[in-house]
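Asks: Once you've had a glance at the structure underneath, I'll fire off some questions.
The values are calculated or read from the model by the stated rules, or taken from the named source; none is laboratory data. No experiment lies behind these values; they were computed from the predicted model shown. Every residue, glycine as well, gets a Cβ built from its backbone with ideal geometry; the counts of neighbours run over all protein chains shown. To get the accessible areas, we keep the full protein, side chains included, count just its heavy atoms, and leave off ligands, DNA and RNA. Shrake-Rupley method; radii C 1.70, N 1.55, O 1.52, S 1.80 Å.
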Amino acid sequence: AISIGEELYGSYSKSSPRVSISPDDLVYVIYTSGTTGTPKGVMIEHRSVVRLSKMDEVELDSTTVILQLSSISFDAATFEIWCTILNGGQLILYPSSNIDLPKVNTLIKKHHVNTIWLTSSLFDQWVQSDISNLPLRYVLSGGDVVQSASVSQLYSKQKGVKFINGYGPTENTTFTSCYEVDPLEITRNIPIGYPIVGTQVYVVDAYMNLQGIGVAGELCISGMGLSRGYLNREELTRE
């Protein structure tokens, strides 16, 4: 028996649409409040998503299997969806909006998922569950401060896995920098690491002068991941 969905999609053309797309074209607008509490639309271009898919901190290729847990209104979904598809990997869609950790672990085993991204708060909960014998190669986390105790717990339960702390505002397309934590050198404060491919970061003072090593300042970001600006907020974009 053929399902309604198969009948519907089977009626569509299998040819690629004749649409010309350039790296400068808009691919999505995603809303974020950051620390301001006021939502603002961030305009992301095609080049920025491609740059993310070429990050070399994670081995992304046809063997990649990622479980998508993030809502598409959250920019982590950009990593999950496009870092998988643009590298010929397999994307497994979580079947519910409510995250159930035993179900997550069951899906990881069933579909041989080898890469997942979790918010830092969800990561703290997940490592408390039964995560032994999962086929994971990479566990990425971010969105807030990562607890070193949780990283230690991951490494004690999962052998051969790599934990990566990912940092980046929505305005720079999900990831700006990454840090792979060495299981033998888990520090109290997990660093945010080094910029990914196509990205540059600078620590500057109030006058935009570069600061010396070890001197506090503001982190400024440039490169291919940088958004076009804020939708209908020209003044904020200039700022």
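Asks: If you wrap a convex hull around the alpha carbons of the chain, what volume per residue comes out, as a whole number of Å³? Before the final figure, lay out the partial values.
Replies: Working: hull volume 40.2 nm³, N = 239.
Expressed per residue, the convex hull around the Cα atoms of the chain is 168 Å³.
Asks: If you roll a 1.4 angstrom probe over the protein chains with everything in place, what fraction of the accessible area of the stretch 193-239 belongs to carbon and sulfur, to the nearest %?
Replies: Working: 1940 of 3520 Å².
Carbon plus sulfur share of accessible area: 55 percent.
Asks: Let me ask another. Ordering T78, T38, T119 by accessible area with a probe of 1.4 Å, largest first, what comes out? All intermediate terms of the calculation are to be shown ahead of the outcome.
Replies: Values: T78 10, T38 75, T119 45 Å².
Of T78, T38, T119, the descending order of accessible area is T38, T119, T78.
Asks: Using only DSSP helix segments of four residues or longer, with each worth -39500 (n - 2.57), what per-residue ellipticity at 222 nm results for the chain after dividing by its residue count and rounding to 500?
Replies: Calculated from helices alone, the mean residue ellipticity at 222 nm is -6500 deg cm²/dmol.
Asks: Give me D for the stretch 41-120 in µm² s⁻¹, whole number, from Stokes-Einstein with Rh from the Kirkwood sum over alpha-carbon pairs, 10 °C and 1.306 mPa s.
Replies: 120
Asks: Now a separate question. When all alpha-carbon pairs of the stretch 132-239 are counted, what percent fall beyond 18 Å? Walk me through the numbers on the way to the answer.
Replies: Values: 3446 of 5778 pairs.
Cα-Cα pairs of the stretch 132-239 separated by over 18 Å account for 60 percent.
Asks: Can you list residues from other chains, or at least 5 along the same chain, whose modelled amide H is less than 5 Å from the amide H of K162?
Replies: Correct list: Y138, V139.
Asks: Hey, how many Å between the Cα centroid of the stretch 24-55 and the Cα centroid of the stretch 147-188?
Replies: 23
Asks: Under a crude label model (7 Å from the Cα following the beta-carbon direction), how far is R228 from N98 in nanometres?
Replies: 3.9
Asks: State which stretch of the chain is the longest one without any exposed chymotrypsin sites (Phe, Trp or Tyr not before Pro), exposure meaning a DSSP loop state and at most 12 other Cβ atoms within 10 Å.
Replies: Working: sites that count: Y12, Y207.
My reading of the result: 13-206 is the longest stretch.
Asks: Just to verify a number: what accessible area does D25 come out at with the full protein assembly present, 1.4 Å probe, Å² rounded to tens?
Replies: 50
Asks: Further, regarding this structure: Determine the order of I131, I192, I213 by accessible area, beginning with the largest, at a probe radius of 1.4 Å.
Replies: Of I131, I192, I213, the descending order of accessible area is I213, I192, I131.
Asks: Something else about it: Given a 1.4 angstrom probe, what's the average accessible area per residue across the chain, in square angstrom?
Replies: Working: 13840 Å² over 239 residues.
For the chain, the solvent-accessible area averages 58 Å² per residue.
Asks: I need the P(r) histogram for the stretch 63-188: all alpha carbon pairs, bin width 5 Å from 0 out to the longest distance, whole percents.
Replies: Final binned percentages: 2, 11, 22, 26, 22, 13, 4, 0.
Asks: Sticking with this one: Would you mind getting the Kirkwood hydrodynamic radius of the stretch 1-136 from its Cα pairs, rounded to one decimal in Å?
Replies: About 17.3 Å for the stretch 1-136.
Asks: Quick one: the Cα spread of the stretch 178-237 along its three principal axes, in angstroms, biggest first?
Replies: 48, 24, 20
Asks: Also, I was wondering about something else. Which whole-number percentage describes the relative contact order of the chain, with Cα contacts under 8 Å and a sequence gap of 6 or more?
Replies: 18
Asks: Could you tell me how far the Cα centroid of the stretch 75-136 sits from the Cα centroid of the stretch 205-239, in Å?
Replies: With the stretch 205-239 and the stretch 75-136 each reduced to a Cα centre, they are spaced 32 Å.
Asks: Given a 1.4 Å probe and heavy atoms of the protein chains only, how would you sort R51, R238, R233, largest accessible area at the top?
Replies: Largest accessible area first, the residues go R238, R233, R51.
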